[in-house]
Structure formats: C-alpha cells, structure tokens
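These notes are about the structure you will find just below.
Laboratory data are not the source of any read-out in this text; all were calculated from the coordinates shown. What you are looking at is a predicted structure, and each value in this text was computed from that prediction instead of being measured. Positions of Cβ are generated from backbone atoms using ideal geometry, with glycine treated the same way; all protein chains shown enter the neighbour counts.
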Amino acid sequence: MITISQLTELLGWASVINIGYLLFATLILMFMRGTVSSIHGKLFNMDEKELSYKYFDFLSNYKVMTLVFMVAPYIALKIMGQ
C-alpha cells in the first residue's frame, strides 16, 4: 500500500520531470523552429501556420495537464502536511 508521504514524493518528482520536458519542448520550438517545422511539415503535410497553431496547442494543453494532475495535487498534499 502506498503511503501519503510516498504519493507526495511521487507527485513531486513527476512534476519535476513534466515541467522539465515542457521547458525542453518550449526551448526546442523557440530556438529550432525552422528545423522542427521543416521536419513536421514534410512528415504531416502541413503548412507553417497550421504547425504554429498545433505547437501552441500542444504546449498549452501539456502545461494545463501538468499543473492540474501533477503540481496541484502535490501542493495540496504538501499543505496537508503529508
């Protein structure tokens, strides 16, 4: 059986990993947009404008899911005092 302390630790590390991935993906799209857009444009047969929308949509959805399902429960458990 998992304890509240273990769950808090799990959510904390999961939050760190997810925020790290979000930061990595954001930086890659900021600094390597041309290369990434070229690859995805050819792969999915999409134009630059549509890809920009999809990138923004992905990053915003990932951020919301990370905050709702990882960070918020972690903070709630920390406030409860484990």
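Remarks
- Over the Cα atoms of the chain, the radius of gyration divided by the Kirkwood radius equals 1.17; this is the Rg/Rh ratio.
- Rounded to the nearest 20 debye, dipole of the chain from Cβ charges on Lys, Arg, Asp, Glu: 60
- Mean separation of Cα pairs under 8 Å and 6 or more residues apart, divided by the residue count, gives the chain a relative contact order of 55 percent.
- Model label zone, GLN6; criterion: amide N under 17 Å from point 7 Å along Cα-to-beta-carbon; scope region 39-82: 82
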